[in-house]
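Note sheet for the following structure.
The values are calculated or read from the model by the stated rules, or taken from the named source; none is laboratory data. Everything quoted here is computed from the prediction, not taken from an experiment. Don't worry about glycine lacking a Cβ; one is built from the backbone with ideal geometry, like all the others, and counts go over all protein chains shown.
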Ligand code: IPE
Ligand code: IPE
Ligand code: MG
């Protein structure tokens with residue numbers, strides 16, 4: 001279905017949606033299940049979210065899967081999460097390809113298990129010519145880490161301080177090839193950045209649904225896009241009213 005075919009969509013569709021997929025642990029806890037069951041459930045809805053982004057005409061979807069701070073969770077949760085990512089990869093790559101989605105990664109691949117690194121690299125290679133949706137997975141990602149990495153690279157390359165401006169900094173970030181997010185959704189009722197896209201979010205519109213991530217589906221995504229459609233993006237200006 002093309003974007004025009006859905007009468008529920010507002011006139012302005014966010015080109016880039018970013019999601020802090022939060023609330024897996026509380027979803028599990030509320031059902032008397034272990035936290036890892038929540039993480040597993042939080043991968044089941046991903047397929048319908050990706051499908052809905054393609055349906056709505058969204059061009060870039062960035063999902064926060066694992067932060068640089070999440071390494072400080074208990075060892076069994078971290079290793080369980082890594083095993084789940086591995087499974088999701090095996091299960092979803094063909095479907096991603098079928099949807100015409102191009103897989104990308106932002107963050108540090110070097111911090112993770114070699115076999116998973118290789119899978120991610122192969123997935124990126126396999127989907128590189130797909131052009132319906134860019135799926136950016138923020139995995140072992142931290143916004144501050146990204147800025148430190150950018151500064152280091154600029155210094156190593158001997159960039160002239162006189163050439164440093166906002167555009168140049170953006171070009172040194174992991175997100176250099178995609179526009180800044182228009183809409184950022186954080187599920188589960190938490191209202192904070194938690195180190196996500198701290199540079200790129202300067203003028204994003206934020207939406208904070210109460211829903212825990214595993215219960216977030218097409219309808220919740222549509223509601224967030226509709227809320228975005230009512231926002232007035234001013235970028236610091238005063239808008240003249242007709
Ligand atoms: C988000 O869910 C998933 C990851 C951080 C990997 P949480 O695990 O943070 O769930 P809550 O916030 O404890 O409910
Ligand atoms: C942010 O959620 C990271 C991801 C969703 C991957 P957290 O649950 O880790 O963030 P805090 O600890 O509540 O700030
Ligand atoms: Mg959380």
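Here residue 153 meets the list (1) free of Cβ contacts under 8 Å to residues at least 24 places away in the same chain; (2) more than 24 Å from residue 101 (Cβ to Cβ); (3) part of a loop (DSSP other than H, G, I, E, B) almost entirely, failing just condition (3). Only residues that are within 17 Å of residue 127 (Cα to Cα), away from ligand 2 (no atom under 14 Å from the Cβ) and surrounded by 19 or more Cβ atoms within 10 Å (Cβ to Cβ) were counted in region 56-87, giving 2.
Annotation note: Cβ proximity below 7 Å between a residue of region 12-31 that is on the phi < 0 side of the Ramachandran plot and a residue that is away from ligand 2 (no atom under 15 Å from the Cβ) and at pLDDT below 95 (sequence gap 6+ or interchain) occurs for 13/3.
If I filter region 214-222 for residues that are part of a loop (DSSP other than H, G, I, E, B), within 15 Å of ligand 3 (Cβ to nearest atom) and either in contact (Cβ under 8 Å) with a residue 12 or more places away in the chain or surrounded by 15 or more Cβ atoms within 10 Å (Cβ to Cβ) (or both), do I get at least one hit?
Start the filter on region 214-222 by keeping residues that are part of a loop (DSSP other than H, G, I, E, B), which leaves 216-217.
Now restrict to residues that are within 15 Å of ligand 3 (Cβ to nearest atom): 216.
If we keep only those that are either in contact (Cβ under 8 Å) with a residue 12 or more places away in the chain or surrounded by 15 or more Cβ atoms within 10 Å (Cβ to Cβ) (or both) too, we end up with 216.
There is at least one residue in region 214-222 that is part of a loop (DSSP other than H, G, I, E, B), within 15 Å of ligand 3 (Cβ to nearest atom) and either in contact (Cβ under 8 Å) with a residue 12 or more places away in the chain or surrounded by 15 or more Cβ atoms within 10 Å (Cβ to Cβ) (or both).
Among what's in region 71-81 and is in contact with a helix residue (DSSP H, G or I) (Cβ under 7 Å, 6 or more places away or on another chain) and over 18 Å from residue 214 (Cα atoms), pick the residue that is nearest to ligand 1 (Cβ to nearest atom). Please lay out each step first, then the result.
Filtering region 71-81 for residues in contact with a helix residue (DSSP H, G or I) (Cβ under 7 Å, 6 or more places away or on another chain) gives 71, 77-78, 80-81.
Those left that are additionally over 18 Å from residue 214 (Cα atoms): 71, 78.
On the way: 71: 11, 78: 9 Å.
Checked region 71-81; the qualifying residue nearest to ligand 1 (Cβ to nearest atom) is 78.
Looking at residue 135, is it part of a strand (DSSP E or B) and surrounded by 19 or more Cβ atoms within 10 Å (Cβ to Cβ)? So residue 135 passes the test. With the structure loaded, tell me whether residue 7 is without any contact (Cβ under 8 Å) to a residue 12 or more places away in the chain, within 16 Å of ligand 1 (Cβ to nearest atom) and surrounded by fewer than 21 Cβ atoms within 10 Å (Cβ to Cβ) or whether it fails that test. Against the criterion (without any contact (Cβ under 8 Å) to a residue 12 or more places away in the chain, within 16 Å of ligand 1 (Cβ to nearest atom) and surrounded by fewer than 21 Cβ atoms within 10 Å (Cβ to Cβ)), residue 7 does not qualify.
When residue 45 is tested against the conditions (1) surrounded by fewer than 22 Cβ atoms within 10 Å (Cβ to Cβ); (2) within 19 Å of residue 214 (Cβ to Cβ); (3) in contact (Cβ under 8 Å) with a residue 60 or more places away in the chain; (4) more than 16 Å from ligand 2 (Cβ to nearest atom), the lone failure is (4). A search for C-beta distances below 6 Å between a residue of region 51-64 that is in contact (Cβ under 8 Å) with a residue 40 or more places away in the chain and any residue that is assigned to a helix (DSSP H, G or I) and surrounded by fewer than 21 Cβ atoms within 10 Å (Cβ to Cβ), counting only pairs 6+ apart in sequence or on different chains, returns 52/218; 54/99; 56/3; 57/3.
Considering region 75-124, and only residues there that are under 15 Å from residue 141 (Cα atoms), at pLDDT 95 or above and outside any helix (DSSP H, G or I), the residue that is farthest from the chain's Cα centre (by Cα) turns out to be 108. Take region 179-208 and flag every residue that is under 17 Å from residue 149 (Cβ atoms), buried (at least 20 other Cβ atoms within 10 Å of the Cβ) and more than 16 Å from ligand 3 (Cβ to nearest atom). If the condition is that a residue be under 17 Å from residue 149 (Cβ atoms), buried (at least 20 other Cβ atoms within 10 Å of the Cβ) and more than 16 Å from ligand 3 (Cβ to nearest atom), then 197, 200 are the ones that fit.
Kindly evaluate residue 169 against the criterion of being in contact (Cβ under 8 Å) with a residue 12 or more places away in the chain and either in contact with a strand residue (DSSP E or B) (Cβ under 7 Å, 6 or more places away or on another chain) or not in a strand (DSSP E or B) (or both).
Numbers: in contact (Cβ under 8 Å) with a residue 12 or more places away in the chain: yes; either in contact with a strand residue (DSSP E or B) (Cβ under 7 Å, 6 or more places away or on another chain) or not in a strand (DSSP E or B) (or both): yes.
Against the criterion (in contact (Cβ under 8 Å) with a residue 12 or more places away in the chain and either in contact with a strand residue (DSSP E or B) (Cβ under 7 Å, 6 or more places away or on another chain) or not in a strand (DSSP E or B) (or both)), residue 169 qualifies.
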